[in-house]
Amino acid sequence: MKPDSTQTKRLKRNAILRLYNELSGKELTKFEKSLAINQDLQNYINEIQFSLHSVAFVADEIPSAHFLTQQRSVLLGSIKSKPKHKFIKSSVPKIVSFSKVSILSSRVRLYLLMILGILIVGTLIIKFTFPNTSMPSITSLAKKPTEYKIRASVDSGLLSPENIKFSRTQTGELSFEFSGAEISTYNEKVNNPLVVDLLCYILLNSTNPGRRLQSVKQLAEVPDNQTVKDALITTLLSDPNQGIRLKSIRLLGEFTIVDVVIKQACMKALLDDKNNTIRMEALSILSNEPDDTLLPILQVVSQMDENEFVRSEAARLLQEIVEET
Amino acid sequence: MNQETVTLIQQAQTGDKQAFFKLVELYDWQITANMLQFIRQEDQLESVYQTLFNTAYDKLHEFRFDRDFYVWLYPILFKIIFNTPNTEPINSKQDRPLDLLSHHERLIFILIHNEKFSFKDVAIILKRTKNFVRSTFCSAVEKLHSNTVRDEA
């Protein structure tokens, strides 16, 4: 029986997609069955291949020097008129007066961000320069030869985050698969130090947001770990994906002790993050241990945050702290 | 990416406009040559050039040094081209087979057939569904095939 036109059209489109390996397993199986009994379809594939070959692209045009000179000149003019930093925007409303602090402006936000940035960087430098006993060195952790080899592969750059795959086994362990390294697999519990380091490594270095999100989800099972905390803070402050930043700040909120580094990171997120929910989470963490060091930031946020709910919550917390002090 | 480029990006990220401009001078020939694959009208070319580098300036703080600067510019460029209003190619005689295609068909065809992007990557770059990319690509191939058959006849 001759197939109807819709079916023929679909088969022809699948023939094109097949040439580019774009058919899924199920689609491919179905297509191959049709192809086996349809000589016209086979002919069509050959014709398409010929057509595609004949339209092989040749880059026969190059930009003229005149065009580039002209465009650079126009661009220079428009770039010169732009503000120097993205986060100093004239569109941010200025506050004329405030009951407690009268110097608030967009410049204050910048100064606060700079101070917080310096404090966070300083704390992290001290932490890595003078490691305490709760953070054993990578070498001392590598008790097993397998672990040593994995760590050596990571340290030497042989094992990029994209070469590491992991999944959960039925026994609850994480099963890692490595491509391009001496060791091909590694199974351990999530709280194993090497597993934690590998997950943090993927979280901080993978270019694939899906992988980073997968890592941060697994790290939720490692409570109050110093390495995890540092990785989550870095992720919160630098990851371009808002879903991953949100997950990170939520995990930071689950730490038993909200230390000064977590607090500073939350303050920076509250001032700087574009995502309303992340700023709300930051405010929520900060509200667990309110003190007068939060006053300047809460004053800025309660007046300048673009989200009404964040502004009102900041104002409420500000009021509480002022009343207590 | 060489050290000079890395330094220029770092300087530009701190607000050094001159460094950004040097960066443009390093890359704009290559980028414009790439644009010519997709756009043949000079006013559109100018518009895409300016939009691309202005957007790059605004987004430069998001650059994370995990890829070449050119690779980072690529998706921004394609997104701009994709959203550029569709117009007829400057050469109305349609002496190149790709001139038969619509603006979107030409862009998606070149990305997949010439630049070897996967359908999924093109969908991500252009922020469209994979089905849209598949359908547009197939439509482009069908048009090119019909043209070849007609020429032979």
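Observations on the model:
- Helices (runs of 4 or more DSSP H) contained entirely in segment B:1-120, each with at least 1 residues that are closer than 25 Å to B:Val133 by Cα and free of Cβ contacts under 8 Å to residues at least 60 places away in the same chain: B:17-35, B:42-59, B:69-83, B:103-109
- A:Lys274 meets all of the listed conditions (1) closer than 16 Å to A:Val196 by Cα; (2) of a type in the set (Lys, Arg); (3) part of a loop (DSSP other than H, G, I, E, B) but one, namely (1).
- Pairs where the first residue, in segment A:137-159, is acidic (Asp, Glu) and the second is modelled with pLDDT under 70, C-beta under 8 Å, 6+ apart: A:Glu147/A:Leu141; A:Asp155/A:Ile138
- Qualifying positions in segment B:32-61 - closer than 17 Å to A:Ala65 by Cβ and either surrounded by fewer than 19 Cβ atoms within 10 Å (Cβ to Cβ) or modelled with pLDDT of 85 or more (or both): B:Thr32, B:Ala33, B:Leu36, B:Glu42, B:Leu45, B:Glu46, B:Tyr49
- Which listed residue is assigned to a helix (DSSP H, G or I) and under 23 Å from A:Leu203 (Cα atoms), from A:Ile297, A:Ile285, A:Ile257, A:Ile321: A:Ile285
- Residue count for segment A:204-242, restricted to those that are among the basic types (Lys, Arg) and touching a Lys or Arg at 6+ places or on another chain (Cβ under 9 Å): 2
Here's the yes/no breakdown for (1) more than 30 Å from A:Phe166 (Cβ to Cβ); (2) touching a helix residue (DSSP H, G or I) at 6+ places or on another chain (Cβ under 9 Å); (3) surrounded by 15 or more Cβ atoms within 10 Å (Cβ to Cβ):
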residue: A:Lys217; (1), (2), (3): no, yes, no
residue: A:Asp230; (1), (2), (3): no, yes, yes
residue: A:Asp239; (1), (2), (3): no, yes, yes
residue: A:Ser248; (1), (2), (3): no, yes, yes
residue: A:Leu251; (1), (2), (3): no, yes, yes
residue: A:Phe255; (1), (2), (3): no, yes, yes
residue: A:Val258; (1), (2), (3): no, yes, yes
residue: A:Met267; (1), (2), (3): yes, yes, yes
residue: A:Asp292; (1), (2), (3): yes, yes, no
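- For segment B:102-142, the tally of residues that are of a type in the set (Lys, Arg), surrounded by fewer than 20 Cβ atoms within 10 Å (Cβ to Cβ) and facing chain A (nearest Cβ under 10 Å) stands at 3.
- Qualifying positions in segment A:300-310 - part of a helix (DSSP H, G or I) and surrounded by fewer than 16 Cβ atoms within 10 Å (Cβ to Cβ): A:Glu308, A:Phe309
The values are calculated or read from the model by the stated rules, or taken from the named source; none is laboratory data. Note that the structure is a prediction, hence the values are computed from the model and not measured. Here Cβ is always computed from backbone atoms with ideal geometry, including for glycine, and neighbour counts include all displayed protein chains.
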